[in-house]
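S.K.: Have a look at this one.
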Amino acid sequence: GAAAAAMFAPPPRELAPGACGQSVYAAMPPGDPPLRASGLGPSPMLGGAVGSHEEAERRCRAVLAQLPPMEGSVKYRRAWSIEEALEQHQCLMKQHELQSSIGHNHVMVRKLQAEFARLASVEATASVRQALDATARAAAGGAAGGPAAKAMTAAIAHAEESARKLRRALHLCATEELRAAEKARRMEEEIEKSNREMVVLREAIDDVAQGGGPVVVGMQHPDGTAVGSSASAQGERKYFYCSDCKVGGHGQRFCLYLLQRPNWRVYPSEKWFEDKNGQTSHCPLGRFGVDFADETYFSRIAMHIKGRIWLEDKRKLCEFVGDLMPLTFVIKDQQWVGPPPPSEAPGAPPMPWFVKETDRNWGTSVTCCARPEECLGLSRPNATYVVQKHIADPLLYYNGEKCHIKFYTLLIGCADGVTWKLYTYKDGYLSISPKAWSPEDLSKETQVTIIRTKRINDWPHWEEVYPKCKAGVQEVIRRAAAEGKLQGRNKIQFEIISADYIVTANKDVFLLEFNTGPVLKDADDSPDVHDAGMVNGAMHLVEPFEGGNEDLWDFVFECKGVPPAEQTAADALDDG
């Protein structure tokens, strides 16, 4: 631990005055020399001279009320860069110093309380002895049972009460010492985790710098030489490395799942460059390649499908699979592209129309209207929309609420740049409106279902609907691959994508859209309903390992796409 701290950390700094862990002495009015063990006297901790045991106890309670609690909030969290690791280590060390000081002051006040209680008990015991002597003298003088006896009874009661207070004060002191020791132990555990992490990061840096990292096809070494085309010459590697380059999406989540495997390690990231808008990009330290990173250029495994725009952009999607979707029209810059939707006949039953911005998801840009003539008025300049009429006779939930299916797929592009593999997940979610559906009610909460409401596996229609959704996604991927919309790479690429489906009362399914950054929940954040099995299964299919399993992923089919064009390193950078 000390070696790790010395390896990374700068020289220690003095704590600023007035920090939360400052001595309780500094917080109290100046007084005389500390309390002497021989009896009550002036105490700086208690704010000056103490006139009685009751006053001393009152001041101790007041000091305890003013002391900060022993509740340090900084806990170890995984660091993804050297800077994060150093900053965390310094925070943990500072917290240990502050909280240790606070704990020491708590214990000191409790010891003072116990000392005051002991002195009070000693005085009470002396009072009992004096009362005994007085009682004996009264009895010898023939005055037994008078005031001396009453004084004796009062002295005994006072001594018993003093003994009770002493026992309580000793118990509180012992408890406070245990609390302080336990808090110090927990903080030292957090520091040790940070120390171990810095050692592992150092080992990762050394290993990769010495050639123990992966071969990432298409990138150049930091010295400008080209990386080879295969990893066969490397032999068996002991560790695999992942980096969080802060691109966003599910990159860090996928790293965390890979790190659950015993032979995966974090490789730190660093600042790569800053663009003219001030946006910072990061890369693996030293611009080395790693096995997985959310910055595709540096990663052996790409977490973004090249050509994904054809799936996530609603207008592009309807251009090649419009027959699988509700009838769709397009608005661009407040003008219809192609023929507008026909006007509805007078007296036609009402049915909502949806106006959706093509490059936004989560229902954030969906608006509703009653007639197709109203759609242009809901659009904005310089924006593109798809316009769809609500399907007739939708399959509703138990109490008449609108619902749609969140259908999860895993698309893998193999490293040959041509082969595509599709999997669908046998479980999913229903998004259910909180209100009963009505075609006349154009409110967003009735017509636009967004939030994953419940698991779909106990929905009575799922067994019949699942194969239809599966077949629909298969057709989308088949066309996209055959038409070259999905583009191969010279490395493996994958993406977990959700498809939104709506179902009619006769169990026909219509594809609404794809989300290439779907909601995924982890067990730590959502213990009851989470996607840990789905993500772990997907990562096993992408990067198999001993002890892994496919969970509920269902293999759909494999197809061939258009071979990728020859790429330069600059092309690979652009594709990342």
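The values are calculated or read from the model by the stated rules, or taken from the named source; none is laboratory data. Treat the numbers as computed from the prediction; the structure is a model and nothing was measured. Please note: Cβ atoms are built from the backbone with ideal geometry, for glycine as well, and neighbour counts cover all protein chains shown. Note: areas computed on protein heavy atoms with side chains; ligands, DNA, RNA excluded. Shrake-Rupley method; radii C 1.70, N 1.55, O 1.52, S 1.80 Å.
S.K.: The stretch 451-531: D in µm²/s via Stokes-Einstein (Kirkwood Rh, Cα pairs, 20 °C, 1.002 mPa s)?
M.R.: Numbers: Rh = 15.1 Å.
Answer from the Stokes-Einstein relation: 142 µm²/s.
S.K.: Here is a follow-up. Which whole number in µm²/s is D for the chain by Stokes-Einstein, with the Kirkwood Rh taken over Cα pairs at 4 °C and 1.567 mPa s? Kindly include the intermediate steps, with their values, before the conclusion.
M.R.: On the way: Rh = 30.1 Å.
D = 43 µm²/s.
S.K.: Provide the solvent-accessible area of ILE450, counting protein heavy atoms only and rolling a 1.4 Å probe, rounded to the nearest 10 Å².
M.R.: Ignoring ligands and nucleic acids, ILE450 comes out at about 50 Å².
S.K.: So, taking all protein chains as they sit and a 1.4 Å probe, how much accessible area belongs to THR125, in Å² rounded to tens?
M.R.: Result for THR125: roughly 60 Å² accessible.
S.K.: Please list 194-206, 161-173 highest first by mean number of surrounding beta-carbon atoms within 10 Å per residue. Each step should come with its number before you reach the end.
M.R.: On the way: 194-206: 18.5, 161-173: 16.8.
Result, highest mean Cβ count within 10 Å first: 194-206, 161-173.
S.K.: Let me ask you something else. Measuring with a 1.4 Å probe in the full set of protein chains, what accessible area per residue, in whole Å², belongs to the chain?
M.R.: Normalised by residue count, the accessible surface of the chain is 49 Å².
S.K.: What percentages, rounded to whole numbers, describe P(r) for the stretch 409-460 computed over all alpha carbon pairs with 10 Å bin width beginning at zero?
M.R.: Pair shares across the bins are 21, 29, 24, 18, 8, 0.
S.K.: So, with +1 on the Cβ of K and R and -1 on the Cβ of D and E, and no other charges, what is the size of the charge dipole of the chain about its Cα centre, to the nearest 20 debye?
M.R.: Here the size comes out at about 1680 debye.
S.K.: Can you say what percent of the DSSP beta bridges in the chain, counting only those with both residues inside, are antiparallel? Round to 5.
M.R.: Details: 59 of 69 bridges.
DSSP beta bridges in the chain are roughly 85 percent antiparallel.
S.K.: Say the dipole of the chain comes from +1 at the beta carbon of Lys and Arg and -1 at that of Asp and Glu; which of CYS173, SER431, HIS158 then lies farthest toward its positive end?
M.R.: Looking along the dipole axis, the top candidate is HIS158.
S.K.: Just the accessible area for GLU319, please: 1.4 Å probe, Å², rounded to the nearest 10?
M.R.: Surface open to solvent at GLU319 totals about 110 Å².
S.K.: Okay, next question. Using only the alpha-carbon atoms of the stretch 315-408, report the extent along each of the three principal axes, biggest first, to the nearest angstrom.
M.R.: Rounded to whole Å, the extents work out to 41, 40, 25 Å.
S.K.: So what is the relative contact order of the stretch 355-418, in percent, for Cα pairs below 8 Å that sit 6 or more residues apart?
M.R.: Worked out over the stretch 355-418, it gives 28 percent.
S.K.: Among ASP528, ASP551, ASP291, what's the order by accessible area (1.4 angstrom probe), most exposed first?
M.R.: On the way: ASP528 150, ASP551 65, ASP291 0 Å².
Descending accessible area places them as ASP528, ASP551, ASP291.
S.K.: Straight-line reach from LYS75: which lysines fall under 20 Å, measuring Cα to Cα and dropping same-chain residues less than 8 apart?
M.R.: Qualifying lysines at Cα under 20 Å: LYS94, LYS183, LYS193.
S.K.: How large is the helix-only mean residue ellipticity at 222 nm for the chain, computed as the sum of -39500 (n - 2.57) over DSSP H runs with n ≥ 4, divided by its residue count, in deg cm²/dmol to the nearest 500? Don't jump to the answer; show the numbers that get you there.
M.R.: On the way: 12 runs with 208 residues, N = 576.
-12000 deg cm²/dmol, from helical runs alone.
S.K.: Which value results for Rg/Rh of the stretch 262-318 when Rg is the Cα radius of gyration and Rh the Kirkwood radius based on the inverse mean 1/r?
M.R.: Using only Cα positions, Rg/Rh for the stretch 262-318 is 1.11.
S.K.: On a 1.4 Å probe surface of the protein chains, which of LEU512, LEU422 comes out largest in accessible area, and what is the full order? Provide the component values of the computation, followed by the final result.
M.R.: Values: LEU512 35, LEU422 0 Å².
Accessible-area ranking of LEU512, LEU422, largest first: LEU512, LEU422.
S.K.: Another question, if that's okay. Using only the Cα atoms of the stretch 378-446, what are the Rg and Dmax in Å?
M.R.: Over the stretch 378-446's Cα set, Rg and Dmax evaluate to 18.1, 52 Å.
S.K.: May I ask you to give the percent of accessible area on the chain that is carbon plus sulfur, with a probe radius of 1.4 Å?
M.R.: 53 percent
S.K.: Test of understanding: what is the full-extension gain from LYS507 to SER526, defined as 0.36 nm times their sequence separation minus their Cα-Cα distance?
M.R.: My answer for the length gained is 3.7 nm.
S.K.: Once Lys and Arg get +1 and Asp and Glu get -1 on their Cβ, which of GLY103, SER281, PRO394 lies farthest toward the positive end of the dipole of the chain?
M.R.: GLY103
S.K.: Okay, moving on. Please report the net charge: other residues with Cβ closer than 13 Å to the Cβ of ARG179, K and R +1, D and E -1.
M.R.: 0
S.K.: Tell me the trypsin sites (Lys or Arg not before Pro) within the stretch 463-555 that lie in a loop according to DSSP and have at most 12 other beta-carbon atoms within 10 Å.
M.R.: Details: sites: LYS468, LYS470, ARG478, ARG479, LYS485, ARG489, LYS491, LYS507, LYS521; in loops: LYS485, ARG489, LYS491, LYS507, LYS521.
Of the trypsin sites (Lys or Arg not before Pro), the ones in loops of the stretch 463-555 whose Cβ has at most 12 other Cβ atoms within 10 Å are LYS507.
S.K.: How high is the FRET efficiency between ARG237 and GLU475 when r is their beta carbon distance and R₀ equals 45 Å, given to the nearest 0.05?
M.R.: It comes out at approximately 0.70.
S.K.: Using a Förster distance of 51 angstrom, determine the FRET efficiency expected from the C-beta separation of LYS468 and ARG186, and round it to 0.05.
M.R.: On the way: r = 54 Å, r/R0 = 1.06.
Result of the calculation: an efficiency of 0.40.
S.K.: Now, a different point. Quick one: if you stick a label point 7 Å off each Cα along the C-beta vector at ASP458 and ALA134, how many nm between them?
M.R.: 7.7 nm
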